[in-house]
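Have a look at this one.
What follows is calculated from the coordinates using simple rules that are stated; it is not laboratory data. No experiment lies behind these values; they were computed from the predicted model shown. Here the Cβ is made from the backbone with ideal geometry for all residues, glycine too, and neighbour counts use every protein chain on show.
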Amino acid sequence: MKTLRQKGEALAYFLAFIACIPTANWMIGHVGAVCVPNGPCLVPVLPWGPGGHPLMAPSGVLMIGLALVLRDMVQRRLGRSVTIAAIVAGAALSGAVAPPQLIVASATAFLLSELADFAVYTPLQSRGLVLAVLASSVVGLVIDSVLFLWLAFGSLDYVAGQIVGKLWMVLLALPFIHWVRKREIALRTIVE
């Protein structure tokens with residue numbers, strides 16, 4: 001039986017996951033070191049890149065990288081059916097709040113990348129939480145990056161930056177995921 005604290009954590013993961021989508025769509029048009037006319041606002045994701053300039057990516061990558069990790073936590077805490085419902089709700093929300101030029105790109109990339117994340121995470125979760133989160137997130141972030149850029153801008157110009165930016169968010173989340181796993185094991189030991 002789940003405690004009130006565990007239910008609260010599960011709800012927090014769910015709400016944070018859903019909030020990533022509109023936040024990412026808003027950031028693409030409003031937050032960045034530079035905003036390309038008729039294009040995305042960009043943030044540096046590596047200090048070096050082609051021609052010695054920083055590697056740039058559309059700013060929404062930061063939230064989508066986080067969404068991939070949060071989706072795994074939603075599944076861990078709330079199960080597969082709630083996770084599928086959250087993915088569908090997230091795709092619908094993405095389409096509802098995305099700027100007109102990004103509606104199809106955002107909703108499609110989110111839906112397909114999160115389903116790929118789900119497909120990889122589900123069989124791996126019993127082998128270890130950190131491994132499952134890392135592997136599923138990498139698959140999801142590559143799919144999301146390619147689909148979003150191609151559908152939104154008809155170009156893969158920022159694909160390297162997209163992948164690196166999302167990967168940074170996944171890597172930054174891994175110590176937290178490791179802590180969650182250790183805490184779950186410790187709590188299970190206390191209960192038994």
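Examine the stretch 49-56 for a residue that is surrounded by fewer than 22 Cβ atoms within 10 Å (Cβ to Cβ) and in contact with a Gly (Cβ under 7 Å, 6 or more places away or on another chain), and state whether such a residue exists.
yes
Among the residues of the stretch 120-169, which ones are without any contact (Cβ under 8 Å) to a residue 40 or more places away in the chain and outside any helix (DSSP H, G or I)?
Selection gives Gly154, Ser155, Leu156, Asp157.
Can you name the residue in the stretch 89-124 that is out of contact with any helix residue (DSSP H, G or I) (no Cβ under 6 Å at 6 or more places or on another chain) and within 18 Å of Ala10 (Cα to Cα) and is also surrounded by the most Cβ atoms within 10 Å (Cβ to Cβ) among such residues?
Looking at residues that are out of contact with any helix residue (DSSP H, G or I) (no Cβ under 6 Å at 6 or more places or on another chain) and within 18 Å of Ala10 (Cα to Cα), I get Phe118.
Within the stretch 1-35, restricting attention to residues that are farther than 20 Å from Val104 by Cα and β-branched (Val, Ile, Thr), which residue is surrounded by the most Cβ atoms within 10 Å (Cβ to Cβ)?
Val31
Further, regarding this structure: Since Ser155 meets every condition but one in (1) crowded, with 22+ Cβ neighbours inside 10 Å; (2) among the hydroxyl-bearing types (Ser, Thr, Tyr); (3) under 24 Å from Met56 (Cβ atoms), which condition does it not meet?
The one condition Ser155 does not meet is (1).
Within the stretch 1-54, can you find the residues that are touching a strand residue (DSSP E or B) at 6+ places or on another chain (Cβ under 7 Å), assigned to a loop (DSSP other than H, G, I, E, B) and either at positive phi or among the small types (Gly, Ala, Ser) (or both)?
Gly32, Ala33, Gly49
How many residues are surrounded by fewer than 14 Cβ atoms within 10 Å (Cβ to Cβ) and part of a helix (DSSP H, G or I) when one looks only at the stretch 67-81?
Total satisfying the criteria: 2.
So, one more: Go through the stretch 125-147 and give me each residue that's among the hydroxyl-bearing types (Ser, Thr, Tyr), out of contact with any Asp or Glu (no Cβ under 6 Å at 6 or more places or on another chain) and buried (at least 24 other Cβ atoms within 10 Å of the Cβ).
Ser137, Ser145 - these are the residues of the stretch 125-147 that are among the hydroxyl-bearing types (Ser, Thr, Tyr), out of contact with any Asp or Glu (no Cβ under 6 Å at 6 or more places or on another chain) and buried (at least 24 other Cβ atoms within 10 Å of the Cβ).
Does Ala186 satisfy being surrounded by 13 or more Cβ atoms within 10 Å (Cβ to Cβ), among the small types (Gly, Ala, Ser) and part of a helix (DSSP H, G or I)?
no
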